[in-house]
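Novice: Here it is: the structure, laid out below.
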There are 2 protein chains.
Amino acid sequence: MNYSYLENKELGEALAYYKSKLQMEGFSLGTETADVPSALDRITSSAVYARISSPHYNASAMDGIAVNAHDTFGATDTTPVVLKKGKGYEVVDTGDPLPDGRDAVIMVEDVIDIDEDTVRIIAAAAPWQHIRQVGEDLCQDEMVVPSNTRIEPSTMGAMLAGGISQVEVWKLPRVGIIPTGDEIVAPKADPLPGEILEFNSTIFSAMVRRWGGIPVTYPIVPDRYELIKGALEKAVSECDIVILNAGSSAGRDDYSSMAIGELGEVHVHGIAIKPGKPTILGTIYGKPVIGVPGYPVSGIIVLEKIVKEILETVIKSPLRTYPKIRAVLSRRLMSTLKYEEYVRMKLGRVGGKLIATPLSRGAGVVSSFVKADALFTVPMNTEGIEASEEIELELLKTEKEIENTLVMTGSHDPLIDVAYDLMRKRNPERYVSSSHVGSMGGIMAIKRGEAHVAGIHLLDEETGEYNRAYIEKYLKGQDIVRIKGVKRSQGLMIAKGNPLGLKGVEDLSRDGLRYVNRQKGSGTRILLDYLLKNGTIDRDSIYGYDREELTHMSVAIQVATGSADCGMGIFSAAKIYGLDFIPICDEEYDFIAPAEYMDSPIIRDFLGIIKSGEFRDKLMELGGYSTEGCGTIL
Amino acid sequence: MNYSYLENKELGEALAYYKSKLQMEGFSLGTETADVPSALDRITSSAVYARISSPHYNASAMDGIAVNAHDTFGATDTTPVVLKKGKGYEVVDTGDPLPDGRDAVIMVEDVIDIDEDTVRIIAAAAPWQHIRQVGEDLCQDEMVVPSNTRIEPSTMGAMLAGGISQVEVWKLPRVGIIPTGDEIVAPKADPLPGEILEFNSTIFSAMVRRWGGIPVTYPIVPDRYELIKGALEKAVSECDIVILNAGSSAGRDDYSSMAIGELGEVHVHGIAIKPGKPTILGTIYGKPVIGVPGYPVSGIIVLEKIVKEILETVIKSPLRTYPKIRAVLSRRLMSTLKYEEYVRMKLGRVGGKLIATPLSRGAGVVSSFVKADALFTVPMNTEGIEASEEIELELLKTEKEIENTLVMTGSHDPLIDVAYDLMRKRNPERYVSSSHVGSMGGIMAIKRGEAHVAGIHLLDEETGEYNRAYIEKYLKGQDIVRIKGVKRSQGLMIAKGNPLGLKGVEDLSRDGLRYVNRQKGSGTRILLDYLLKNGTIDRDSIYGYDREELTHMSVAIQVATGSADCGMGIFSAAKIYGLDFIPICDEEYDFIAPAEYMDSPIIRDFLGIIKSGEFRDKLMELGGYSTEGCGTIL
């Protein structure tokens, strides 16, 4: 098996080196002429000068009469001036040219009609009053905008006002995107095992479009050297920049760097960023060709941190950057010394504090970018950042969105998504940030002041009662409100038809049975442990006890796909995947919230939703819930 | 002459009332299905759930071998485990499906090859290590995004990963734009006096496009009631929102409100905003129809403050708002009690202070929006704001742009635009904010710390020397650097061929001659006054002495269009408009800057430009300049 070692160049250094190479090789876009009405957001390649003045004639700025100011001097209430039409004045509307010999306009409200041809004036007009003089807006040959300027709606208006119908602009950069890989297939609804859906080109195209480029996506190229080389040649001849999206394995990357190297030059291969390390920065015929790793998150990062920077140098106008924001890290974040690492983060404003929580760091987890509010760059040579440290992040959403976000944590249940959707339906300004840290995680987040509300289902072994004892024990001294949630059916999720003939928890230690568990601190894990203890079953005898999943759905899916035989979870999750279900108990899933937030609009919206008929109907559809009293304060 | 009095409803009240009417009449957009790859920035109309899991099979996350973790337990350096291909392992690449019965992957770097079919393992594999489990990114039936959510590039990726190829979204709002007016003509380069160029529809279309709507511009409708009514009926039948862009005179507006009232209902006519007062808020068949006044600045304000708000209610996703920023007002700003007023402002960061300066408030001055960095809302019932007060503004540019802006003030000269264009050519991150307040205004701005650099040309009557005496007198105690600028030819600008046979300043008091002057405090005005005094000419004897223009170009243009016979100014301005020129003197136009800024990159860039060959060449083209020593420190 072959394995190639790459460089590990620091990002800033790699970019500076690459940019200097591009400049030496003369990388730039040409210019073209655009019609002004379709030039929105284009960038001027030279200064634009008005060809005519605006207004191009002296115009009345009011409805009224045009006069010679001289004639009105001395006019007052007691010594009015009387003027005759034609000889002393003309009627003018706003925009009318000033009649020859007139040098002032008196507005209609100040004119007293005597008869059809005679008016009385009781105040003197100042010369040039109420006249829009030639060039008030723009003088002929005045600069409207300089070079390298983005054309805004008002710029388009000013150009047309200045008699300019066409404008010289930089060409839009064409960005070629070549997906490669034998296993890669176009997106479809029923892929086979081993087929990998090719959606990177869709993400990249959308990013390029946002930056004002024209994405050109080429067909998927199989992992064969000659084909990759051919595709590169075609793309380089048709585009200004080329992205070669290769598989992320070290072996495959070699085709990319070999092909780029043969047709042009590889300047950098291997950058000290995570994800994104195997990135290639090359040129072919003076055009940038960038080898981007295959995982979608790596790809997004490399486009954001590298491709965007390269585009900016030729677009000649700064692209939008994300504003910086400071927040408190909610939990410890480990990092590697060798790389600058980019971590997607959730943000939440809870009681004045802005809390940042890391999302999944998997390079394949594109949904982490869907959920992300911010991006955190962990510098190189950092082992990790401690919880409660203040960090600076790039804000991907608006601050307003963050302020309007309900931060929900604790135990996972599909009802959270249902509530979120209903909240957005009622009020599109409302967002929900939910993280599934288990019931005990939820209690701890409330204790640390990091969430508005937490969902919990914690069985007290002594009383058999849910939740109350835990709140009293762990949140002693805090003013906490318990909100009645739902009853839901917990049990064992097993394959359709129960092929192993399982009856209950007592079967879990059966030889050959593959269990899948929930994480420590989750209510479901605590329930299992309680049941095992009651049944005196040794947890070490259960194969897969240590295999942990974070949600009911991810447990159910392991059973549904046959990679596990059994897992504990709620009925609604089993139902979604058509699994059989052995009910064990009905548990109480409640919400807790600090009393201080109960009157906030965000919690009131939430209570309104969980008390609503729509919410109950949706849970009935999911199945296994009883919603009696949901939303009442306990 | 007829004059109709309008309501004067406070904006917030008018909007709330109008929105309630629209809701009652059922105003909303329908939904449609979009292909995911073309759904960027569309808004979901219902929650989107994954149809398949991502990944949809258990996949190797590394290049290496797939094993049964059990088989490797106990493996160490000294007690290695040896595995045979087929029986004990299979070779897998990243993304390959996990072979049946395997539950761990060992990465290639940790595998020691013995022969083609045999490997040695020296560390135990943990079950499920290096495996991307089914649903790691998304579980089937998990919510990808809720309702009313903007589709981002990553959302498109997540949807395709979840087997979703089409998505239900809100339709894009079609916004009809009807320009009206007898005097209105399509933009052209050679309009006749009285013809008004119709560029509002271009500005409005671009704004609508920025907000995600589809603009539909209709042909210009003459000011005839039946034609306006017909155009409205057609637009309402084809669009979701209609903008009727009427002339701004009170008389003409009546057609708009009459036609809207006859076809539907006028809910509000007259809003307490300036500009924008004659706005009409109406409905026809439940669709909003908004009568927008004719001046471009009024139109932009009404679209920004009203049309955008109405669009937002049906787009179901907040549109971008401008961030707020606090700045110090540079000069007194008068306002009216009756209206909320919107003033375009320039911003500049000078020595740590953010300074806001009002731009032209003319409703026809669309170039004020091109130059504006921020918009300041003066509340109703305010008479004015004093200089040096701190105010809050809406920031139209980015903070970075403001930080990179050279704030230049003082005397006007076309060379400022030349320098600005060259600066942007060299470095597209650099901006120049210039305001023409005359030489004395420039000195005062430097004194107050409100500009980085000022251009001045001030003749000391006693010594005949330029600039030095003024700096010593007005900037005593401040550490000021004087930078040599240019020599330029000042004189009288007169019509081509000198039809009045003027010879010099002594002719200015000639009977019937119409002079146009510069504003008080400008170097050119001071020069004229000096010449008048020397020639013992009474300024009151000059017709037009009080007619003030702010730039050489606007003086020249009054002479060029025949609304004045003579004005004093520089040769380059006269040359632009093909005027004759009677030279009077060569004056020294220098720059002054506080010493503390001399090392800032922004001033260094500026000095680099004015010392450059390109700059000199451009000034030679303009004519009347001598650039010897330009940019040297005096």
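The values are calculated or read from the model by the stated rules, or taken from the named source; none is laboratory data. If you're wondering where the values come from, they're calculated on a predicted model, not measured in any experiment. Here Cβ is always computed from backbone atoms with ideal geometry, including for glycine, and neighbour counts include all displayed protein chains. The protein model used for the area step is the full one, side chains on, heavy atoms only, and it has no ligands, DNA or RNA in it. Shrake-Rupley method; radii C 1.70, N 1.55, O 1.52, S 1.80 Å.
Novice: Pairs please, first residue from the stretch A:157-174 and at the interface with chain B (Cβ under 10 Å from one of its Cβ atoms), second anywhere and small (Gly, Ala, Ser), Cβ atoms under 6 Å, 6+ apart in sequence or on different chains.
Specialist: Once the first residue is at the interface with chain B (Cβ under 10 Å from one of its Cβ atoms) and sits in the stretch A:157-174, its partners that are small (Gly, Ala, Ser) give A:Ala158/B:Ser367; A:Ala161/A:Ser54; A:Gly162/A:Ala50; A:Gly162/A:Ser54; A:Gly163/B:Ala189.
Novice: A further question follows. Being of a type outside the set (A, V, I, L, M), in contact with a Phe, Trp or Tyr (Cβ under 7 Å, 6 or more places away or on another chain) and within 14 Å of chain A (Cβ to nearest Cβ) is the requirement here; does B:Asp103 meet it?
Specialist: Spelling it out, B:Asp103 is indeed of a type outside the set (A, V, I, L, M), in contact with a Phe, Trp or Tyr (Cβ under 7 Å, 6 or more places away or on another chain) and within 14 Å of chain A (Cβ to nearest Cβ).
Novice: Now for a different question. Listed residues A:Tyr530, A:Tyr545; which is open to solvent by 10 Å² or more (accessible area, probe 1.4 Å) and part of a loop (DSSP other than H, G, I, E, B)?
Specialist: Testing whether each residue is open to solvent by 10 Å² or more (accessible area, probe 1.4 Å) and part of a loop (DSSP other than H, G, I, E, B) leaves just A:Tyr545.
Novice: Would the stretch B:202-210 turn up any residue that is modelled with pLDDT of 95 or more, in contact with a strand residue (DSSP E or B) (Cβ under 6 Å, 6 or more places away or on another chain), over 16 Å from B:Ile241 (Cα atoms) and more than 8 Å from chain A (Cβ to nearest Cβ)?
Specialist: No, there is no match, as no residue in the stretch B:202-210 is modelled with pLDDT of 95 or more, in contact with a strand residue (DSSP E or B) (Cβ under 6 Å, 6 or more places away or on another chain), over 16 Å from B:Ile241 (Cα atoms) and more than 8 Å from chain A (Cβ to nearest Cβ).
Novice: Also: Evaluate the following for A:Glu195: is it open to solvent by less than 50 Å² (accessible area, probe 1.4 Å), in the same structural domain as A:Ile301 (by TED's automatic domain parsing) and in contact (Cβ under 8 Å) with a residue 12 or more places away in the chain?
Specialist: So A:Glu195 passes the test.
Novice: If you don't mind, there's one more thing I want to ask. Just checking, does the stretch A:434-452 include any residue being in contact (Cβ under 8 Å) with a residue 24 or more places away in the chain, farther than 23 Å from A:Arg331 by Cβ and open to solvent by 20 Å² or more (accessible area, probe 1.4 Å)?
Specialist: Looking for residues that are in contact (Cβ under 8 Å) with a residue 24 or more places away in the chain, farther than 23 Å from A:Arg331 by Cβ and open to solvent by 20 Å² or more (accessible area, probe 1.4 Å), one finds none in the stretch A:434-452, hence no.
Novice: Please count how many residues of the stretch B:100-124 are of a type in the set (A, V, I, L, M, F, W, C) and closer than 20 Å to B:Pro55 by Cβ.
Specialist: Of the residues in that region, 4 qualify.
Novice: Anything in the stretch A:373-392 that is crowded, with 20+ Cβ neighbours inside 10 Å and within 14 Å of another protein chain (Cβ to nearest Cβ)? List them, or say none.
Specialist: Result: A:Asp373, A:Ala374.
Novice: Mind checking which residues of the stretch B:68-90 are part of a loop (DSSP other than H, G, I, E, B) and open to solvent by 20 Å² or more (accessible area, probe 1.4 Å)?
Specialist: B:Asn68, B:Phe73, B:Gly74, B:Thr76, B:Asp77, B:Thr78, B:Thr79, B:Pro80, B:Gly86, B:Lys87 - these are the residues of the stretch B:68-90 that are part of a loop (DSSP other than H, G, I, E, B) and open to solvent by 20 Å² or more (accessible area, probe 1.4 Å).
Novice: Still on this structure, please answer the following. Here are B:Ile228, B:Ile178: which of them is more than 10 Å from chain A (Cβ to nearest Cβ), part of a strand (DSSP E or B), open to solvent by less than 10 Å² (accessible area, probe 1.4 Å) and more than 30 Å from A:Ala363 (Cα to Cα)?
Specialist: Exactly one of B:Ile228, B:Ile178 is more than 10 Å from chain A (Cβ to nearest Cβ), part of a strand (DSSP E or B), open to solvent by less than 10 Å² (accessible area, probe 1.4 Å) and more than 30 Å from A:Ala363 (Cα to Cα), namely B:Ile178.
Novice: All but one of (1) buried (at least 22 other Cβ atoms within 10 Å of the Cβ); (2) part of a loop (DSSP other than H, G, I, E, B) hold for B:Asp599; state the number of the condition that does not hold.
Specialist: (1)
Novice: Please go through the stretch B:17-67 and give me each residue that is open to solvent by 40 Å² or more (accessible area, probe 1.4 Å), within 9 Å of chain A (Cβ to nearest Cβ) and farther than 25 Å from B:Val145 by Cα, ordered by number.
Specialist: Scanning the stretch B:17-67 gives a single hit, B:Met62.
Novice: Oh, and also: Give the number of residues within the stretch B:409-440 that are out of contact with any Asp or Glu (no Cβ under 9 Å at 6 or more places or on another chain), under 16 Å from B:Gly348 (Cβ atoms) and away from every other protein chain (no Cβ under 13 Å).
Specialist: Total satisfying the criteria: 3.
Novice: A follow-up question, please. Scan the stretch B:126-152 residue by residue and report those that are basic (Lys, Arg) and within 7 Å of chain A (Cβ to nearest Cβ).
Specialist: B:Arg132, the sole residue that qualifies.
Novice: Being buried (at least 19 other Cβ atoms within 10 Å of the Cβ) and in contact with a Gly (Cβ under 8 Å, 6 or more places away or on another chain) is the filter here, so list the residues in the stretch B:500-513 that pass it.
Specialist: B:Val505
Novice: I need the helices (runs of 4 or more DSSP H) fully contained in the stretch B:383-500, keeping only those with at least 3 residues that are of a type in the set (Gly, Ala, Ser).
Specialist: B:438-447
Novice: Which residue out of B:Val145, B:Val221, B:Val236 is open to solvent by less than 10 Å² (accessible area, probe 1.4 Å), within 19 Å of B:Ser256 (Cα to Cα) and over 29 Å from the mean Cα position of the chain (by Cα)?
Specialist: One residue alone meets the criteria, B:Val236.
Novice: With the structure loaded, tell me whether B:Asp96 is open to solvent by 20 Å² or more (accessible area, probe 1.4 Å) and under 23 Å from A:Asn517 (Cβ atoms) or whether it fails that test.
Specialist: Judged against the criteria, B:Asp96 is not a match.
To keep it simple, each residue is scored yes or no on (1) out of contact with any Cys (no Cβ under 8 Å at 6 or more places or on another chain); (2) under 27 Å from B:Lys400 (Cα atoms).
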| position | (1), (2) |
| --- | --- |
| B:Ala454 | yes, yes |
| B:His457 | yes, no |
| B:Gly464 | yes, no |
| B:Lys476 | yes, no |
| B:Arg488 | yes, no |
| B:Ile494 | no, no |
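Novice: Further question on the same structure: Of the residues B:Ile315, B:Ile300, only one is farther than 15 Å from B:Phe376 by Cα and not small (Gly, Ala, Ser); which?
Specialist: Unique residue meeting the criteria: B:Ile315.
Novice: So is A:Ile301 surrounded by 17 or more Cβ atoms within 10 Å (Cβ to Cβ), within 14 Å of another protein chain (Cβ to nearest Cβ) and either without any contact (Cβ under 8 Å) to a residue 60 or more places away in the chain or in contact with a Lys or Arg (Cβ under 7 Å, 6 or more places away or on another chain) (or both) or not?
Specialist: yes
Novice: Also, quick follow-up: Please count how many residues of the stretch A:112-160 are under 30 Å from A:Lys171 (Cβ atoms) and part of a strand (DSSP E or B).
Specialist: Qualifying residue count for the region: 5.
Novice: Residues B:Glu116, B:Glu109: which one is over 54 Å from the mean Cα position of the chain (by Cα), at the interface with another protein chain (Cβ under 8 Å from one of its Cβ atoms), of a type outside the set (Gly, Ala, Ser) and surrounded by fewer than 17 Cβ atoms within 10 Å (Cβ to Cβ)?
Specialist: B:Glu109
Rundown of residues vs (1) at pLDDT 95 or above; (2) at positive phi; (3) in a helix (DSSP H, G or I); (4) hydrophobic (A, V, I, L, M, F, W, C), yes/no style:
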| site | (1), (2), (3), (4) |
| --- | --- |
| A:Glu7 | no, no, no, no |
| A:Ala14 | yes, no, yes, yes |
| A:Tyr18 | yes, no, yes, no |
| A:Leu22 | yes, no, yes, yes |
| A:Thr33 | yes, no, no, no |
| A:Leu40 | yes, no, no, yes |
| A:Ser46 | yes, no, no, no |
| A:Arg51 | yes, no, no, no |
| A:Ala66 | yes, no, no, yes |
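Novice: Separate question: Pick out the one residue from A:Arg102, A:Arg150 that is more than 22 Å from B:Asp190 (Cβ to Cβ), without any contact (Cβ under 8 Å) to a residue 60 or more places away in the chain and not polar (S, T, N, Q).
Specialist: A:Arg102
Novice: Now for a separate question. Output the residue which, of all residues in the stretch B:342-372 that are more than 12 Å from chain A (Cβ to nearest Cβ), touching a residue at least 60 places away in the same chain (Cβ under 8 Å) and open to solvent by less than 10 Å² (accessible area, probe 1.4 Å), is farthest from B:Val328 (Cα to Cα).
Specialist: Result: B:Tyr342.
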